[in-house]
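Written below as structure tokens is the structure these notes are about.
The values are calculated or read from the model by the stated rules, or taken from the named source; none is laboratory data. All figures in this text were calculated on a predicted structure; none of them were measured in a lab. All Cβ positions, glycine included, derive from the backbone under ideal geometry; neighbour counts span all protein chains shown. The area values use the complete protein model at the heavy-atom level, side chains included, leaving out ligands, DNA and RNA. Shrake-Rupley method; radii C 1.70, N 1.55, O 1.52, S 1.80 Å.
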Amino acid sequence: MYNMDQYDGENDYMQQEDDWDRDLLLDPAWEKQQRKTFTAWCNSHLRKAGTQIENIEEDFRDGLKLMLLLEVISGERLAKPERGKMRVHKISNVNKALDFIASKGVKLVSIGAEEIVDGNAKMTLGMIWTIILRFAIQDISVEETSAKEGLLLWCQRKTAPYKNVNIQNFHISWKDGLGFCALIHRHRPELIDYGKLRKDDPMTNLNTAFDVAEKYLDIPKMLDAEDIVGTARPDEKAIMTYVSSFYHAFSGAQKCTTPPAGVTLLYFSHGSRHQMHDGTTSRCS
């Protein structure tokens with residue numbers, strides 16, 4: 001079994017707020033939001049290797065696409081996967097993925113490879129959230145604040161000039177959609193006519209932001225406007241994951257790295273290895 005709640009050192013913030021809300025995760029509305037968001041986030045990386053997932057708890061069960069996801073987002077090679085179809089091979093592959101996550105300073109809480117192989121949705125969502133925190137949020141640094149606090153401060157700084165936008169958290173502050181629109185307009189003002197947006201029309205605001213981000217910024221649609229508007233308190237993890245994509249699109253570009261010439265990442269499909277489409281990948285931290 002692995003420990004999933006804690007990071008060492010500077011990541012102790014997880015100890016306080018990320019018991020990953022075990023009870024709240026059972027809320028159907030929140031689970032639905034996490035499924036959609038986490039699936040889209042995974043696919044935004046897996047597409048670089050020419051594949052995707054459809055069902056988040058089913059498609060990671062054999063460990064192959066889970067290992068691939070970690071290779072793509074880290075730019076590193078994992079141990080060679082097992083090619084067999086038996087349960088023992090699947091457990092071995094998932095354990096290799098969990099070992100890799102642990103090697104990045106993450107203590108995984110209350111999860112074993114068996115639960116992922118068995119398709120435990122709650123544990124799978126918790127594992128993916130840990131991966132998102134480690135590879136998309138942990139390294140964010142803004143004015144001596146980091147990770148979640150750094151991302152929140154970045155959002156506050158970027159949206160400060162906009163009327164009717166007051167970002168204080170990663171849930172209700174985003175319900176009217178103006179925060180997303182303001183982030184886009186601040187960096188790409190030609191994409192949104194911000195002056196025509198109304199605070200009392202959240203559906204239009206949210207759909208405008210989601211559509212523009214997907215079409216022009218290569219940020220996949222990770223949230224549904226109906227879910228955000230129809231939920232008293234949108235899922236924090238889903239919002240954070242989506243907002244982190246804006247951070248990396250606008251502020252993380254200069255931090256992207258590409259493996260040196262000759263470094264080729266491989267991905268796994270149907271138990272075998274294949275070369276990635278372009279032979280390389282990039283990583284933004």
| task | On the full set of protein chains, 1.4 Å probe, figure out the accessible area of Glu58 and give it in Å² to the nearest 10. | result | 90 Å²
| For region 222-236, in order, what is each residue's ³J(HN,Hα) by Karplus, 6.51 cos²θ - 1.76 cosθ + 1.60 with θ = phi - 60°, in whole Hz (x at glycine and Pro)? | 10, 10, 10, 4, 4, 5, 5, 5, x, 10, 4, 9, x, 5, 5
| field | Sulfur and carbon atoms: percent of accessible area, region 29-138 [1.4 Å] | value | 46 percent
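Rounded, prolate or oblate for region 29-138? Axes are the square roots of the Cα gyration tensor eigenvalues, ordered a ≥ b ≥ c, and the cut-off for rounded is a/c under 1.5.
Details: a/c = 1.24, a/b = 1.14, b/c = 1.08.
Verdict is rounded for region 29-138.
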| said: Not counting ligands, DNA or RNA, and with a 1.4 Å probe, what is Val229's accessible surface area in Å² rounded to the nearest 10? | reply: 60 Å²
| query | Out of region 150-248, which trypsin sites (Lys or Arg not before Pro) are coil in DSSP terms and have no more than 16 other C-beta atoms within 10 Å? | reply | Lys163, Arg198, Lys199
| said: Can you sort Asp201, Asp27 by solvent-accessible area, 1.4 Å probe, largest first? | reply: Asp27, Asp201
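Sorted by accessible area with a 1.4 angstrom probe, largest first, how do Lys48, Lys80 fall? Present the calculation step by step, with values, prior to reporting the outcome.
Details: Lys48 70, Lys80 120 Å².
Sorted descending by solvent-accessible area, the residues read Lys80, Lys48.
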| Mean separation of Cα contacts under 8 Å, 6 or more apart, over the residue count of region 141-256: relative contact order % | 22 percent
| Accessible surface, region 101-191, averaged per residue in Å² (probe 1.4 Å) | 36 Å²
| query | Got a number for the accessible area of Leu197? Probe 1.4 Å, square angstrom, nearest 10. | reply | 40 Å²
| task | Might you report the magnitude of the Cβ-based charge dipole of region 29-138 about its Cα centre, with Lys and Arg at +1 and Asp and Glu at -1, to the nearest 20 debye? | result | 240 debye
| task | On the protein heavy atoms, probe 1.4 angstrom, tell me the percent of accessible surface of region 158-243 carried by carbon and sulfur. | result | 47 percent
